[in-house]
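Presented below is the structure to which this report refers.
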Amino acid sequence: MTSTYPPGRTGLLLIDTVNDVFAEDGKGYPLYAAEFARIGLLGNLTRLLAGLREKDVAVFFSPMSYTDEEYASWRHPTGLHRAMFENRLFEAGSWGAEFHPELSPAEGEVTLAPHKNIDVFATTDLDTQLRRRGVEHLALGGMIGTMCVESTARSAMERGYHVTMLSDATASDGDAVSHAKMLDRYALFAHAVLDVDGFLAAVRP
């Protein structure tokens with residue numbers, strides 16, 4: 001575990017910071033609203049972004065969206081895909097698939113093509129984008145903590161990145177007990193598990 005993060009080699013990946021998840025009128029918001037309030041997730045994420053922008057850390061945004069053709073094309077849909085498709089979550093071109101206004105890319109930050117899989121690396125050029133910018137230390141936040149965030153973090157570790165999980169910058173549809181279990185699991189594959197304030201303090205100015 002490292003105690004400091006050099007800005008030139010550190011990046012933040014935020015996954016699915018879109019209206020369907022983070023806006024009160026979003027289709028998925030009711031599933032997570034209680035945990036968002038308990039953790040203070042939106043405030044933590046906005047504070048994280050503001051702090052890293054001051055330190056000139058590279059930020060990458062990974063949205064998810066599906067077209068009508070993609071909704072219909074899965075030969076072997078999982079339960080997760082069925083839930084998304086039946087409710088038209090992350091529908092391409094819709095308000096729900098747009099970035100939440102407080103969690104949107106700023107000028108110069110990287111917006112990846114929408115990911116189509118739980119692991120962002122699997123269907124985007126994330127690895128190329130990170131390596132082009134010399135990122136070796138990757139912190140992750142966004143949603144869902146037990147799905148896309150965890151799967152992408154595991155993949156990052158396997159690819160040789162130093163992985164930091166941000167304990168109060170993600171959530172699931174569970175409660176405090178399930179959140180604690182999620183963090184215990186993170187500690188098995190991540191190099192560090194820090195809260196937002198701890199991570200910001202560790203990034204060298």
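The values are calculated or read from the model by the stated rules, or taken from the named source; none is laboratory data. Bear in mind that the values here come from a model prediction, so they are computed numbers and not experimental data. Methodologically, a virtual Cβ is constructed for each residue, glycine included, from the backbone with ideal geometry; neighbour enumeration extends over all protein chains shown.
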Yes/no for L166 being touching a residue at least 40 places away in the same chain (Cβ under 8 Å), surrounded by 15 or more Cβ atoms within 10 Å (Cβ to Cβ), within 17 Å of F61 (Cα to Cα) and not small (G, A, S): yes
For a quick check of your reading: which helices (runs of 4 or more DSSP H) sit entirely within segment 89-205 and have at least 1 residues that are touching a His at 6+ places or on another chain (Cβ under 6 Å) and of a type outside the set (A, V, I, L, M, F, W, C)? 120-123
Residue list for segment 42-69, restricted to those being among the hydrophobic types (A, V, I, L, M, F, W, C) and either in contact (Cβ under 8 Å) with a residue 60 or more places away in the chain or under 18 Å from L126 (Cα atoms) (or both): L42, L45, L48, L52, V57, A58, V59, F60, F61, M64
With among the charged types (D, E, K, R), modelled with pLDDT of 95 or more and either touching a Gly at 6+ places or on another chain (Cβ under 8 Å) or within 15 Å of L13 (Cα to Cα) (or both) as the only criterion, which of R185, R154 stands out? R154
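Pick from V110, V149: which is of a type in the set (V, I, T), crowded, with 16+ Cβ neighbours inside 10 Å and out of contact with any Leu (no Cβ under 7 Å at 6 or more places or on another chain)?
Answer to the selection: V110.
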When residues of segment 108-132 are filtered for being at pLDDT 95 or above, within 20 Å of A50 (Cβ to Cβ) and not β-branched (V, I, T), how many remain? 1
